Amino acid sequence: MKYQLVVQLPASSIHDYDEMIALENTLIEALPEGSEVDGHDAGSGEANIFINTDVPARVFNEIKSVLAASDLLATARIAFREQSKSEYTVLWPDGLETFKVT
């Protein structure tokens with residue numbers, strides 16, 4: 001798959017980590033065919049879920065409703081990059097100019 005999409009959430013407690021795991025499991029079921037969750041990490045005040053896909057905009061549209069239903073959309077940051085590159089393109093929230101995974 002050509003792109004890596006990252007769903008990034010603030011995380012500073014075990015409860016935040018548990019929420020991220022629950023979201024990851026929901027996303028595994030909700031992703032369109034041809035996209036897959038590639039794991040997660042947590043640290044430095046954030047949790048990241050990594051999704052491999054060829055259609056990042058389509059996946060973003062699919063997971064946006066999942067995040068909204070889980071009351072996580074307001075705090076989420078979502079971006080993607082080509083697998084072979086390091087620069088991210090921000091999809092959410094509007095106005096966010098920089099994105100990085102720490």
Checklist outcome for this item: Filtering segment 46-69 down to residues that are touching a residue at least 40 places away in the same chain (Cβ under 8 Å), more than 14 Å from L5 (Cα to Cα) and not charged (D, E, K, R) yields V66, L67
Item to check | Residue selected from segment 66-86 under the condition open to solvent by 70 Å² or more (accessible area, probe 1.4 Å) and among the small types (G, A, S), by the criterion nearest to the chain's Cα centre (by Cα) | outcome: A74
Checklist entry - Between residues in segment 9-26 that are among the hydroxyl-bearing types (S, T, Y) and residues that are not in a helix (DSSP H, G or I), which pairs lie under 8 Å by C-beta distance while being six or more apart or on different chains? => result S12/G45; Y17/A11; Y17/A42; Y17/A47; T26/S70
Next on the checklist: Given the condition under 16 Å from R58 (Cβ atoms), modelled with pLDDT under 95 and either surrounded by fewer than 20 Cβ atoms within 10 Å (Cβ to Cβ) or touching an Asp or Glu at 6+ places or on another chain (Cβ under 6 Å) (or both), answer yes or no: does some residue in segment 16-23 qualify?
Outcome noted: no
Checklist entry - Scanning segment 48-102 for residues that are of a type in the set (K, R) and assigned to a strand (DSSP E or B), which turns out farthest from L9 (Cα to Cα)? => result R81
Next on the checklist: Checking the structure you have, find out if any residue of segment 47-55 is within 17 Å of L23 (Cα to Cα), touching a Leu at 6+ places or on another chain (Cβ under 6 Å) and of a type in the set (G, A, S).
Outcome noted: yes
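The values are calculated or read from the model by the stated rules, or taken from the named source; none is laboratory data. This one's a predicted model, so the numbers in the text were calculated from it and none came from an experiment. Here Cβ is always computed from backbone atoms with ideal geometry, including for glycine, and neighbour counts include all displayed protein chains. Keep in mind that these areas ignore ligands, DNA and RNA; they rest on the heavy atoms of the full protein, side chains included. Shrake-Rupley method; radii C 1.70, N 1.55, O 1.52, S 1.80 Å.
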